[in-house]
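Okay, structure first, notes after.
The values are calculated or read from the model by the stated rules, or taken from the named source; none is laboratory data. Since this is a predicted model, take the numbers as computed values, not measurements. Note that we place each Cβ from the backbone using ideal geometry, even for glycine, and neighbour counts take in every protein chain shown.
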2 protein chains.
Amino acid sequence: MSQTAPARSAGNGRAGREAYDLAAVLNIAVAAFNDHGYEATSMGMLAQRLGTSKSAIYYHVSGKEDLLRLALDRALSELELVLTKEMARSGDAGDRLRFVLRGAVEVLVKDLPYVTLLLRLRGNTEVERQALARRREFDRAVAELVEQARDDGSLRADIDARTTTRLLFGMINSIVEWYRPGGPITPERLADDVISVAFDGLATAR
Amino acid sequence: MSQTAPARSAGNGRAGREAYDLAAVLNIAVAAFNDHGYEATSMGMLAQRLGTSKSAIYYHVSGKEDLLRLALDRALSELELVLTKEMARSGDAGDRLRFVLRGAVEVLVKDLPYVTLLLRLRGNTEVERQALARRREFDRAVAELVEQARDDGSLRADIDARTTTRLLFGMINSIVEWYRPGGPITPERLADDVISVAFDGLATAR
DNA sequence: TATAGTCTACTGAACGACCGGTAAGTAGTG
DNA sequence: CACTACTTACCGGTCGTTCAGTAGACTATA
């Protein structure tokens, strides 16, 4: 199937034969979770894609849910990092919003499979619910920026702030459903286009 | 769980006791598919939500995949219907695009769970792949309207037409992830806001 | 009015395949 | 000889599906 190269970590000086490292297992797992959904992905399927046995996976992680937890933590940490940067914390609210949205697009492209997994969560397990709570906190922080930009007069106020935020995220998050790195559109160009469409719309400039 | 009323079809004059009809089974199934994903939803879970046994479901449908096929056909038929209407087929390309987008939002709200299911497909079975092909054909028809509107000069031409179409659908399709009928925003207002944000953007009118 | 037969809409048990996870053993390396 | 990184074999449980049987409502005949 859609299997990256075996990617065994060449001898690292420790005892034992050459082996998959955690990162390789995680990459395969995230790809499989995105193809079939977390619940519907079996450990047997992961083993097949890795070219090993089910039980080999249990040497690297404590179980299926552990794989999910590690993957979601990576996506969330990268997104949260954007909010801590200087340009997200001071200056004009409109500029800060643009900076955060651009940063979100960049993270989304850089860790595409991991963020894809995060965005498709339904909250059926405790791990999923905790990740969704962290994601909601990120969304809330951006929603706050939207409200400030509205108050400053740089965002239109005739549309409900929650609706605005949701449509904004809807457009950005949809990127994971169609954008593939290596195509004609660079991540920088993509971020420019998204910000431009979101703020100025699709109609010809008046 | 989130179970609609048993909704048994009151005596219809035919032989046999009162019973679930196909529509009731389908509603429960679509809700469960949306909660857990199609693959991860078991027939046992459907039986539990219906308050019957697994095998009872097989009286109404030929199997799990049949439920999926019926549900996806409903969503696709409603969307395709929008394209056949007079206002989608003649007139100014910009107006036709607006009409189709508004129609898509209305279908999406009216058959929310069914369209949600359609939008979350990953193409792992033949039924899913056929539905995705029909959905791509719908998308292609809208993309054609976008190109015509560009040529007419009513849509900006500095952004790739494919990117434009995708961001447009991204925003519209995201509605299934947060909009719930019965809230403060009416479907008509929602459609207005979506069209307005898409064409004129979020920035204050210049 | 009594009863036999036909139909619908199920029930409950069982099927082989596969699920996540574990236990015990071992090949290769320092 | 210790340690890493596995392997094979297996566990109880659940999966989608099938099948034989049947309760209850209807109709046809006596």
Is there any pair with a first residue in the range B:187-206 that is at the interface with another protein chain (Cβ under 7 Å from one of its Cβ atoms) and a second that is charged (D, E, K, R) and part of a helix (DSSP H, G or I) whose Cβ atoms are under 8 Å apart and which are 6 or more apart or on different chains, and what are they? B:199/B:98; B:201/A:200; B:203/A:200
Scan the range A:84-105 and report the pairs whose first residue is under 21 Å from residue A:170 (Cβ atoms) and outside the structural domain of residue A:148 (by TED's automatic domain parsing) and whose second residue is surrounded by fewer than 19 Cβ atoms within 10 Å (Cβ to Cβ) and modelled with pLDDT of 95 or more, with Cβ atoms within less than 6 Å and a gap of 6+ or a chain change. none
All positions within the range A:156-170 that are in contact (Cβ under 8 Å) with a residue 24 or more places away in the chain and farther than 15 Å from residue A:196 by Cα: A:165
Among the residues of the range B:173-191, the number that are part of a loop (DSSP other than H, G, I, E, B) and exposed (fewer than 14 other Cβ atoms within 10 Å of the Cβ) is 6
Restricting the range B:56-65 to residues that are within 12 Å of DNA strand C (Cβ to nearest atom) and without any contact (Cβ under 8 Å) to a residue 40 or more places away in the chain, which is farthest from the other protein chains (Cβ to nearest Cβ)? B:59
Would you check if residue B:71 is modelled with pLDDT of 95 or more, within 28 Å of residue A:31 (Cβ to Cβ) and within 13 Å of the chain's Cα centre (by Cα)? yes
If I ask for residues that are within 8 Å of chain B (Cβ to nearest Cβ) and at pLDDT 95 or above, which ones from the range A:160-171 would you list? A:163, A:164, A:166, A:167, A:168, A:169, A:170, A:171
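Per-residue answers, yes or no, for (1) more than 11 Å from DNA strand C (Cβ to nearest atom); (2) modelled with pLDDT under 95; (3) surrounded by 16 or more Cβ atoms within 10 Å (Cβ to Cβ); (4) away from every other protein chain (no Cβ under 14 Å):
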| site | (1), (2), (3), (4) |
| --- | --- |
| B:2 | yes, yes, no, no |
| B:12 | no, yes, no, yes |
| B:26 | yes, no, yes, yes |
| B:39 | no, no, yes, no |
| B:54 | no, no, no, yes |
Check on residue A:131, among the small types (Gly, Ala, Ser) and either modelled with pLDDT under 95 or in contact with a Leu (Cβ under 7 Å, 6 or more places away or on another chain) (or both): yes
Residues within the range A:29-66 that are aliphatic (A, V, I, L, M) and under 20 Å from the mean Cα position of the chain (by Cα), tallied: 4
Criterion first (within 16 Å of DNA strand D (Cβ to nearest atom), buried (at least 17 other Cβ atoms within 10 Å of the Cβ) and part of a helix (DSSP H, G or I)) does residue A:79 satisfy it? no
Across the range B:41-52, which residue is farthest from DNA strand C (Cβ to nearest atom) among those that are within 14 Å of chain A (Cβ to nearest Cβ) and not in a helix (DSSP H, G or I)? B:41
For the range B:106-140: of the residues being basic (Lys, Arg) and either assigned to a helix (DSSP H, G or I) or touching a residue at least 60 places away in the same chain (Cβ under 8 Å) (or both), which is nearest to residue B:194 (Cα to Cα)? B:110
Quick check on the range A:56-73. Is at least one of its residues within 16 Å of DNA strand D (Cβ to nearest atom), small (Gly, Ala, Ser) and part of a helix (DSSP H, G or I)? yes
